Amino acid sequence: MSLTGAEMAIIHSRLNGIGRKMANTLLRSGRSGILVIARDFSCCILTAQDELLAFAESLPIHVLSGPDRMAATMREFHPVLKRGDAFLHNSPYHGCTHPADHSILVPVIDEEGVHRFTVLAKGHQADCGNALPTTYMGTAVDVYAEGALIFPAVKIQEGYAHVRDVIRMCEMRIRVPHQWWGDYLATLGAARIGERELIDLGKEIGWDTLAEFARAWFAYSEKRMVDAVRRLPAGTITRTSRHDPIPGTPPDGVEIKVTVTSRPETAEIEIDLRDNPDCMPCGLNLSEATARSAALLGVFNSIDATVPKNAGSYRRIKVHLRDNCICGIPRHPTSCSVATTNIADRVANPVQAAFANLADGLGLAETGAVLPPSIGVISGMDPRSGAPYVNEVYLGVTGGAGAPKADGWLSIVHVGNAGVCYQDSIELDELRQPIFVAERRLLQDTEGPGRSRGAPSALAVFGPTEAPMCVAYVSDGNINAAQGTRGGGAGGTSNQFLQRQDGTREAIPSCAEIWLEPGEMIVSISAGGGGYGDPFERDAERVRHDVAERWISRERARAVYGVVLGGDGTVDIEAMQRARVRTGRLGDSRGRDGQVLGQEGLQHVVGDARRVAVAAARRQGGTPDDGAG
């Protein structure tokens with residue numbers, strides 16, 4: 001059987017449509033804010049041989065790697081799969097990302113009892129039974145200190161009926177069982193929607209056709225990856241990125257080293273993470289799933305974005321890990337509580353920056369670090385109902401990295417979720433929890449400067465309304481900012497303060513659980529993104545726009561970007577020429593096409609409309625300011 005290109009495109013679209021139906025089910029039927037407001041979940045489809053086939057609108061750190069190992073674990077522990085089975089999986093030692101990501105796997109069984117596909121729905125929990133009311137236990141020395149229930153592909157439905165013993169275990173351990181039950185049903189419902197849709201599609205076009213599609217789609221994806229890698233320059237780049245110190249790490253933090261090798265002659269990319277520290281007595285250690293996903297994410301952020309992300313394209317990427325490594329393969333009982341974010345970002349960021357080192361036009365700068373208090377876990381007793389509440393809020397975080405042709409994504413949150421998660425609605429958060437958000441805004445002059453700048457930092461100020469509230473967070477980037485690349489500058493650092501009832505502010509640790517009394521506030525500053533390319537190469541019209549938007553100040557425009565603005569806010573060409581001559585940076589200025597500009601060509605950096613106006617004024621014998629405003 002051979003499928004035409006049109007048939008493959010249609011089937012691919014149908015499978016992506018199933019993924020979106022799964023995601024829509026989770027979004028519309030979940031109960032916690034982390035699912036239905038922040039959208040911290042993912043859905044994917046795997047073959048019966050555990051190969052990632054399709055995912056739509058999912059977090060890359062959730063799905064690029066891990067679902068394959070999770071599906072294999074399901075088959076290993078349950079060799080006889082039946083229609084109506086469902087399995088709860090959150091074990092970071094068996095393919096899951098971290099214990100907070102409760103996942104439901106459902107084998108898709110045809111009418112003859114043959115296992116055809118596996119669908120997976122993964123939802124981040126507001127509470128997973130940890131010893132503290134947070135799903136990010138940064139200071140947990142091991143999984144026992146975490147306290148979370150670990151489910152390595154445990155059967156939770158048989159014949160479409162719940163295994164009540166497992167349900168009762170979760171209800172007894174989790175602080176908000178009613179909320180967990182709703183989120184569990186939403187995740188289960190998403191997986192069941194995927195199962196139903198795939199069974200219908202198999203009946204419609206035939207299981208053999210779907211099997212042939214998978215084979216052909218993987219071959220096509222590998223070919224696309226081959227073509228993309230052959231366009232890369234050859235070379236090996238080693239880069240490092242450093243996580244701030246927290247309890248359980250060395251005093252100077254954790255340096256992560258990545259070595260990226262591009263081999264266009266054999267169409268292969270290698271990422272080596274083996275030369276890194278052993279696992280540490282804290283929650284920062286990566287699971288194998290997040291270590292591989294973070295490396296893959298750095299690769300896919302750096303090449304042709306249209307290359308499909310699946311088991312076929314992965315054939316051309318080798319990720320080298322080692323056992324008992326902080327960014328490798330953890331051994332039980334290592335804690336992987338914070339495995340989806342902090343160290344994972346310190347893997348993905350230098351990978352994508354290494355590609356930028358290979359050649360201008362490739363890769364990205366570093367994305368800002370997380371998890372500041374503004375995306376921490378809040379908990380307490382709600383005085384309106386007398387019931388406990390636990391939820392992770394997304395109240396203000398930016399961090400996007402400068403790219404070869406685009407500024408940093410303002411709402412990316414962090415490199416691992418690729419902007420899929422949403423920033424919370426303040427009004428909805430205040431309705432759902434006893435919280436008051438006093439302020440949320442961007443901070444001026446915190447972007448990583450560059451030809452393409454990084455996103456600026458965000459400020460969020462919030463606290464409880466009528467009763468004490470705990471805020472738990474693991475904030476990286478207080479010391480080690482997101483680095484720029486190819487001459488770009490670093491983004492703003494993160495920070496956090498406790499604002500007392502009298503308005504005074506005091507510094508608080510970067511990794512903590514802080515209790516707030518009514519009238520007290522957390523002041524959270526998120527990390528900005530790094531810049532890409534020399535700031536003096538940035539188009540002056542874009543600098544003028546950033547000043548007008550109050551993202552950067554006039555002083556920063558002059559000092560960092562070499563752009564001088566007149567009193568009316570327009571670019572002052574002559575003053576800019578004089579300033580650049582004084583700094584000796586004139587010869588480094590470049591236009592949009594990358595051409596080096598001298599004094600006569602400096603006007604190229606001010607934008608097309610401005611350039612035309614200057615030329616017209618000169619032809620008429622006037623100065624550059626005559627008629628050019």
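Compute the relative contact order of the chain as a whole-number percentage, counting only Cα pairs closer than 8 Å that sit 6 or more residues apart in sequence.
Details: 1737 pairs, mean separation 72.3, N = 629.
The value is 11 percent.
Whole-Hz ³J(HN,Hα) for each residue in region 221-231, computed from phi via Karplus 6.51 cos²θ - 1.76 cosθ + 1.60 with θ = phi - 60°, x for glycine and proline: what do you get?
Karplus-based 3J(HN,Hα) across region 221-231 equals 5, 5, 4, 4, 5, 4, 4, 5, 5, 5, 7 Hz.
Give, in nm to one decimal, the length gained when the segment between Ala219 and Thr236 is fully stretched (0.36 nm per residue of separation minus the Cα-Cα distance).
Working: separation 17, 0.36 × 17 = 6.12 nm, distance 2.70 nm.
Stretched fully, the Ala219-Thr236 segment lengthens by 3.4 nm.
Non-local amide H neighbours of Val108 (under 5 Å, H modeled in plane, Pro and chain starts lacking H): which ones?
Amide H to amide H, under 5 Å and 5 or more residues apart or across chains, Val108 pairs with Arg116, Phe117, Thr118, Val119.
Using only C-alpha atoms and all pairs of different ones, pull out the Kirkwood radius for the chain in Å with one decimal.
After inverting the pairwise mean of 1/r, the radius is 25.5 Å.
Could you list the residues of region 463-492 with an amide nitrogen less than 19 Å from a label point located 7 Å from the Cα of Ser385 in the Cα-to-C-beta direction?
Answer for region 463-492: 464-471.
Filter the trypsin sites (Lys or Arg not before Pro) in region 14-82 to those in DSSP coil with at most 12 other Cβ atoms within 10 Å of their Cβ, and list the result. The partial results should precede the final answer.
Numbers: sites: Arg14, Arg20, Lys21, Arg28, Arg31, Arg39, Arg69, Arg75, Lys82; in loops: Arg31, Arg39, Lys82.
Filter output for region 14-82: Lys82.
Relative to the longest principal axis of the C-alpha atoms of the chain, give the angle of the C-alpha long axis of helix 342-358, reported between 0 and 90° and rounded to the nearest 10°.
Approximately 50 degrees, to the nearest ten.
Only Lys, Arg, Asp and Glu count, each charged at its Cβ (+1, +1, -1, -1), so figure out the dipole size of region 113-181 about its Cα centre, rounded to 20 debye. Intermediate values should be presented prior to the final figure.
Working: 7 positive and 6 negative charges, 48 e Å.
Result for region 113-181 is approximately 240 debye, rounded to the nearest 20.
Relative to the compact globular guide of 2.2 N^0.38 Å, what is the alpha carbon radius of gyration of region 370-491, as a ratio? Each step should come with its number before you reach the end.
Details: Rg = 16.2 Å, N = 122, 2.2 N^0.38 = 13.7 Å.
The reported ratio for this selection is 1.19.
Karplus couplings for region 96-102 from phi (6.51 cos²θ - 1.76 cosθ + 1.60, θ = phi - 60°), rounded to Hz, Gly and Pro as x?
So the Karplus estimates, Gly and Pro as x, are 7, 6, 7, x, 6, 8, 5 Hz.
Which of the listed residues, Gly463, Pro281, Val254, is farthest toward the dipole's positive end in the chain, when Lys, Arg count +1 and Asp, Glu count -1 at the beta-carbon?
In the chain, that residue is Val254.
For region 503-564, just the Cα set please: Rg and Dmax, both in angstrom.
According to the Cα coordinates of region 503-564, Rg and Dmax are 17.9, 49 Å.
About its Cα centre, what dipole magnitude does region 237-288 give when the only charges are +1 on Lys and Arg Cβ and -1 on Asp and Glu Cβ, stated in debye to the nearest 20?
Details: 5 positive and 10 negative charges, 25 e Å.
Dipole of region 237-288, to the nearest 20 debye: 120 debye.
Run the helix sum for the chain: -39,500 (n - 2.57) per DSSP H stretch of 4+ residues, divided by residue count, reported at 222 nm to the nearest 500 deg cm²/dmol.
-9500 deg cm²/dmol
What ratio of Cα Rg to 2.2 N^0.38 Å holds for region 143-218?
Values: Rg = 17.5 Å, N = 76, 2.2 N^0.38 = 11.4 Å.
Dividing the Cα radius of gyration by 2.2 N^0.38 Å gives 1.54.
Over region 471-578, what is the percentage of antiparallel beta bridges among all DSSP beta bridges, to the nearest 5?
Details: 13 of 14 bridges.
Percent antiparallel among DSSP bridges in region 471-578 is about 95.
Place the peptides 120-133, 103-116 in order of packing, highest mean first, counting for every residue the other Cβ atoms within 10 Å and averaging per peptide. Don't skip to the end; give the middle numbers.
On the way: 120-133: 25.1, 103-116: 18.5.
The densest-packed peptide leads the list: 120-133, 103-116.
Hey, got the Cα dimensions of region 1-139 along the principal axes, in Å, largest first?
55, 33, 24
If I compute solvent accessible area with a 1.4 Å probe over the protein chains, what percent of it on the chain is carbon and sulfur?
On the way: 11550 of 22590 Å².
Using a 1.4 Å probe with all protein chains present, the chain comes out at 51 percent carbon and sulfur.
Karplus couplings for region 486-499 from phi (6.51 cos²θ - 1.76 cosθ + 1.60, θ = phi - 60°), rounded to Hz, Gly and Pro as x?
Here the 3J(HN,Hα) series is 6, x, x, x, 7, x, x, 7, 8, 6, 7, 9, 9, 9 Hz.
List the residues, sorted by chain then number, that are 5 or more residues from Arg31 or on another chain and whose placed amide H is less than 5 Å from its amide H.
Distant-sequence amide H within range of Arg31: Asp183.
Give the relative contact order (percent, whole number) for region 405-551; include only Cα pairs under 8 Å separated by 6+ residues. Can you show the working numbers first?
Working: 371 pairs, mean separation 41.7, N = 147.
Dividing the mean separation by the residue count of region 405-551 yields 28 percent.
Nearest 10 degrees, 0 to 90: what angle lies between the long axis of helix 5-29 and the longest principal axis of the chain (Cα atoms)?
Computed tilt is about 80 degrees.
Using a 1.4 angstrom probe, figure out how much accessible area the chain has per residue, in square angstrom, rounded to the nearest whole. It would help to have the intermediate numbers written out before the result.
Details: 22590 Å² over 629 residues.
Heavy-atom accessible area per residue stands at 36 Å².
Quick check: pseudo-label points 7 Å beyond the Cα along Cα→Cβ at Ala305 and Glu255, how many nm apart are they?
Once both label points are built, they end up 3.4 nm from each other.
Where the Cα atoms of region 197-299 are projected onto their three principal axes, how long is each span, largest first, in whole Å?
In descending order, the Cα extents are 60, 37, 16 Å.
Summing Lys, Arg as +1 and Asp, Glu as -1, what charge do residues with Cβ under 13 Å from the Cβ of Lys309 carry, Lys309 excluded? List each step's numbers first, then the result.
Details: positive: Arg224, Arg292, Arg315, Arg316; negative: Glu51, Glu57, Asp68, Glu222, Asp304.
Taking every other residue near Lys309 into account, the sum is -1.
Report the antiparallel proportion of the DSSP beta bridges in the chain as a percent, rounded to a multiple of 5. Can you show the working numbers first?
Working: 80 of 86 bridges.
In the chain, approximately 95 percent of DSSP beta bridges are antiparallel ones.
For the chain, what is the charge dipole size about the Cα centre, in debye to the nearest 20, if Lys and Arg each add +1 at the Cβ and Asp and Glu each add -1 at the Cβ?
Around 1040 debye, computed over the chain.
What number results when the radius of gyration of region 304-412, computed over Cα atoms, is divided by 2.2 N^0.38 Å?
Details: Rg = 18.6 Å, N = 109, 2.2 N^0.38 = 13.1 Å.
Taking the Cα Rg and dividing by 2.2 N^0.38 Å, one obtains 1.42.
Under 15 Å between C-alpha atoms is the cut-off here; go through the chain and count lysine pairs that meet it, provided they're at least eight residues apart or on different chains.
Numbers: Lys21/Lys122; Lys82/Lys155; Lys223/Lys309; Lys309/Lys318.
Number of lysine pairs found: 4.
For an R0 of 30 angstrom, estimate the FRET efficiency from the Cβ-Cβ distance between Lys155 and Gln49 and round to the nearest 0.05.
Values: r = 21 Å, r/R0 = 0.71.
Result of the calculation: an efficiency of 0.90.
With Cβ to Cβ distances under 12 Å as the rule, what net charge do the other residues near Ala121 carry (K, R +1; D, E -1)? Don't skip to the answer; put the middle values down first.
Details: positive: Lys21, Lys122, Arg192; negative: Asp101, Asp183, Glu195.
Neighbourhood net charge equals 0.
Run the numbers on region 239-279 and let me know its relative contact order in percent, using alpha-carbon pairs under 8 Å that are six or more apart. List each step's numbers first, then the result.
Values: 52 pairs, mean separation 12.9, N = 41.
The value is 31 percent.
The values are calculated or read from the model by the stated rules, or taken from the named source; none is laboratory data. What you see is a predicted model; the values in this text were computed from it and never measured. No Cβ is skipped: glycine too gets one built from the backbone with ideal geometry, and neighbour counts run over all protein chains shown. The accessibility values were calculated without ligands, DNA or RNA, using every heavy atom of the protein model including side chains. Shrake-Rupley method; radii C 1.70, N 1.55, O 1.52, S 1.80 Å.
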